[in-house]
Amino acid sequence: MCFNCAMLFVFKQEGYYNFRMKDLNFDLDLLWIAGDKIVYLAKNVSRNSEDILKPDVKADKVLEVNSGLSDRYDFKTGDKVKVY
């Protein structure tokens, strides 16, 4: 994935959405978003991780970005997000 690229998953309704990153070619940060706010962050998820990420918060979007971008741009739970 290019440095400033991202992948946005948009769901029809808020729910508990789990992600697994097994066998990727790069590490990621994942941001769960409800409405217009970040509700959960998973930073530096290893490309080799077999763990299932199971946030205990509802979201209607999940944004995947390159590992480290959350820290670089100081993303935090509660930050507002604007999707174009």
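The values are calculated or read from the model by the stated rules, or taken from the named source; none is laboratory data. Since we're looking at a predicted model, the values are computed, not measured. Cβ placement follows ideal geometry from the backbone for every residue including glycine, while neighbour counts extend to all protein chains displayed.
Here is the figure for segment 58-84: residues that are out of contact with any Lys or Arg (no Cβ under 9 Å at 6 or more places or on another chain) and either hydroxyl-bearing (Ser, Thr, Tyr) or free of Cβ contacts under 8 Å to residues at least 40 places away in the same chain (or both) total 5. Summed over segment 20-52, the residues that are over 12 Å from Asn66 (Cα atoms), modelled with pLDDT of 95 or more and not hydroxyl-bearing (Ser, Thr, Tyr) give a count of 9.
Every residue, every condition in (1) of a type in the set (S, T, N, Q); (2) surrounded by 12 or more Cβ atoms within 10 Å (Cβ to Cβ), yes or no:
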residue	(1), (2)
Ala34	no, yes
Ser49	yes, yes
Ser70	yes, yes
Asp74	no, no
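Restricting the search to strands (runs of 3 or more DSSP E) fully inside segment 1-58 and requiring at least 2 residues that are out of contact with any strand residue (DSSP E or B) (no Cβ under 7 Å at 6 or more places or on another chain) and closer than 18 Å to Lys76 by Cα gives an empty result.
So if I check each of Asp56, Asp60, Asp29, which one is crowded, with 17+ Cβ neighbours inside 10 Å, over 15 Å from Ala6 (Cα atoms) and either of a type in the set (Val, Ile, Thr) or out of contact with any Cys (no Cβ under 7 Å at 6 or more places or on another chain) (or both)? If you could, list the steps in order and put the result at the bottom.
Values: Asp56 fails: crowded, with 17+ Cβ neighbours inside 10 Å; Asp29 fails: over 15 Å from Ala6 (Cα atoms).
Being crowded, with 17+ Cβ neighbours inside 10 Å, over 15 Å from Ala6 (Cα atoms) and either of a type in the set (Val, Ile, Thr) or out of contact with any Cys (no Cβ under 7 Å at 6 or more places or on another chain) (or both) holds for just one of Asp56, Asp60, Asp29, which is Asp60.
One residue is enough: does segment 72-80 have a residue meeting the conditions in a strand (DSSP E or B) and more than 13 Å from the chain's Cα centre (by Cα)?
Within segment 72-80 (the criterion being in a strand (DSSP E or B) and more than 13 Å from the chain's Cα centre (by Cα)), the answer is yes, since at least one residue qualifies.
Look at (1) more than 10 Å from the chain's Cα centre (by Cα); (2) touching a residue at least 40 places away in the same chain (Cβ under 8 Å) and you find that Asn25 fails only one, number (2). Quick check on my filter: what residues within segment 43-56 are free of Cβ contacts under 8 Å to residues at least 40 places away in the same chain and farther than 11 Å from Asp27 by Cβ? Scanning segment 43-56 gives Glu50, Asp51, Ile52, Leu53, Lys54, Pro55.
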